[in-house]
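Trainee: Here it is: the structure, laid out below.
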Amino acid sequence: MVGFGMPAAIGVKAAAPGRPLVAIMGVGSMGYAMIEVQTAVSHKLPVIFNVLDNQAWGAEKAYKQEFFGGRLLGAEIDSPRFDKFAELCGARGFWAEGHGDTGPALEQALASGENCFIQCLIDLGALMTLG
């Protein structure tokens, strides 16, 4: 379900506040619920949100490529800088653009004990369907 990851992660963190939590989601899902970063920050529920950025509604793009001859109307999006948005809301933001950037960002995020967003640019062609 698109948009469920972020609020679900905040709920899990509330249930287990002493455990580190990394939530992985796509940009579409993040876009649906991104304002919830303020909920996590204001209630001191530090979650690391790892946003995989393929600049698309991933599932929709994959299905359109497979079943509709690659007609991608509405499947590709311009992703905002979620790392910058996170900073505006009081969280830490990390930008991971290349191979090898994600690991150090995750290490820093885990060590910080704060709400963090790691926006990872990923291969725009790495899509798959379930069928």
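Trainee: Going residue by residue through the range 38-58, is there one that turns out to be modelled with pLDDT under 90, among the aromatic types (Phe, Trp, Tyr), touching a helix residue (DSSP H, G or I) at 6+ places or on another chain (Cβ under 8 Å) and crowded, with 19+ Cβ neighbours inside 10 Å?
Mentor: Yes.
Trainee: With the structure loaded, tell me whether Gly125 is in contact with a helix residue (DSSP H, G or I) (Cβ under 8 Å, 6 or more places away or on another chain), assigned to a loop (DSSP other than H, G, I, E, B), at pLDDT below 95 and not charged (D, E, K, R) or whether it fails that test.
Mentor: No; evaluated as a whole, the condition is false for this residue.
Trainee: Check every one of the helices (runs of 4 or more DSSP H) wholly within the range 1-101 and list those with 1 or more residues that are in contact with a Phe, Trp or Tyr (Cβ under 8 Å, 6 or more places away or on another chain) and not basic (Lys, Arg).
Mentor: Hits in the range 1-101: 5-15, 27-33, 37-42, 82-88.
Trainee: Continuing with this model, one more query. With (1) without any contact (Cβ under 8 Å) to a residue 12 or more places away in the chain; (2) exposed (fewer than 13 other Cβ atoms within 10 Å of the Cβ); (3) of a type outside the set (Asp, Glu) as the list, and Gly113 as the residue in question, which single condition is left unmet?
Mentor: Failed condition: (1).
Trainee: Among the residues of the range 1-24, count how many are touching a strand residue (DSSP E or B) at 6+ places or on another chain (Cβ under 6 Å) and crowded, with 17+ Cβ neighbours inside 10 Å.
Mentor: Going through the range 1-24 one residue at a time, the tally reaches 3.
Trainee: Among the residues of the range 75-95, count how many are small (Gly, Ala, Ser) and at pLDDT below 95.
Mentor: 3
Trainee: Next question. Considering the range 76-90 alone, what residues qualify as being under 30 Å from Ala62 (Cβ atoms) and of a type in the set (D, E, K, R)?
Mentor: Across the range 76-90, the qualifying residues are Glu76, Asp78, Arg81, Asp83, Lys84.
The values are calculated or read from the model by the stated rules, or taken from the named source; none is laboratory data. Everything numeric in this text was worked out from a predicted model, so none of it was measured. Virtual Cβ from ideal backbone geometry, glycine too; neighbours counted across all protein chains shown.
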